[in-house]
Amino acid sequence: MSSIDTAKGRMSPSTCWLCKIFRAEENGISSKVSLEEVLQWSQSFEKLVTSKYGPVIYKTYLKTEHSDENIEFWLACEAYKKITSQRKRISMAKKLFTSYIQPQAPKEINIDSPVRKAIIRNIQEPTQSCFDEAQRIIYMHMERDSYPRFLDSTFYQNLKHSLQNNGSNSMVN
């Protein structure tokens, strides 16, 4: 059997790369996530990104939109703000800059030029808050653009329905 079902013009689930990503993520996460947590994600974007499994599930979805760098950057900024050692802060700031901020970075995020220039000016002596404005912009992009699509996505709906069908409001085994 070929990977494309010619009768329906679709890829078969066994060979669809997207299906494989979802299955891999679901096998690891959906066995641990609760229906209560999944339902809370629809209440606010903040509840999604601050929940235990929300960021991982959301990142999986963002891969389908080719924008997973947004949640990666946001989470990296959250970790960055907790760094107390100046030496470690400098090292992490440089990694964030080369991965997400500099023009043509491998995971370049969509921020405006003044914000990018401010980070470039401050990167030699980075403060705890030097990425705050970029992080705020990325948060707004995700909240306004990809979060509503995530809630409407087959991916989210299937996860929610599979947990509802298991009749579980607690951990799924």
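The values are calculated or read from the model by the stated rules, or taken from the named source; none is laboratory data. Remember, predicted model here, so these are calculated numbers, not experimental data. A quick note on method: Cβ atoms are made from the backbone with ideal geometry, for glycine too, and the neighbour counts reach across all protein chains shown. For accessibility, only protein heavy atoms count, side chains too; no ligands or nucleic acids. Shrake-Rupley method; radii C 1.70, N 1.55, O 1.52, S 1.80 Å.
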Near pairs, Cβ below 8 angstrom, 6+ apart or cross-chain, from the stretch 96-125 (in contact (Cβ under 8 Å) with a residue 40 or more places away in the chain) to any residue that is outside any loop (DSSP other than H, G, I, E, B) and acidic (Asp, Glu): ILE109/GLU69
Filter result (open to solvent by 40 Å² or more (accessible area, probe 1.4 Å), hydrophobic (A, V, I, L, M, F, W, C) and either at pLDDT 95 or above or closer than 16 Å to ILE137 by Cβ (or both)) within the stretch 45-80: LEU75, ALA79
Some residue of the stretch 156-166 being among the hydroxyl-bearing types (Ser, Thr, Tyr) and more than 30 Å from ILE83 (Cα to Cα): yes
Of the criteria (1) assigned to a helix (DSSP H, G or I); (2) out of contact with any helix residue (DSSP H, G or I) (no Cβ under 7 Å at 6 or more places or on another chain), which one LEU48 fails: (2)
Of residues in the stretch 81-114 being surrounded by 18 or more Cβ atoms within 10 Å (Cβ to Cβ) and part of a helix (DSSP H, G or I), the one farthest from the chain's Cα centre (by Cα): ARG89
So GLN128, is it free of Cβ contacts under 8 Å to residues at least 12 places away in the same chain and assigned to a loop (DSSP other than H, G, I, E, B): no
First in the stretch 34-49 and under 17 Å from GLU78 (Cβ atoms), second anywhere and open to solvent by 30 Å² or more (accessible area, probe 1.4 Å) and at pLDDT 95 or above, Cβ under 7 Å, 6 or more apart: PHE45/GLU143; LYS47/GLN40
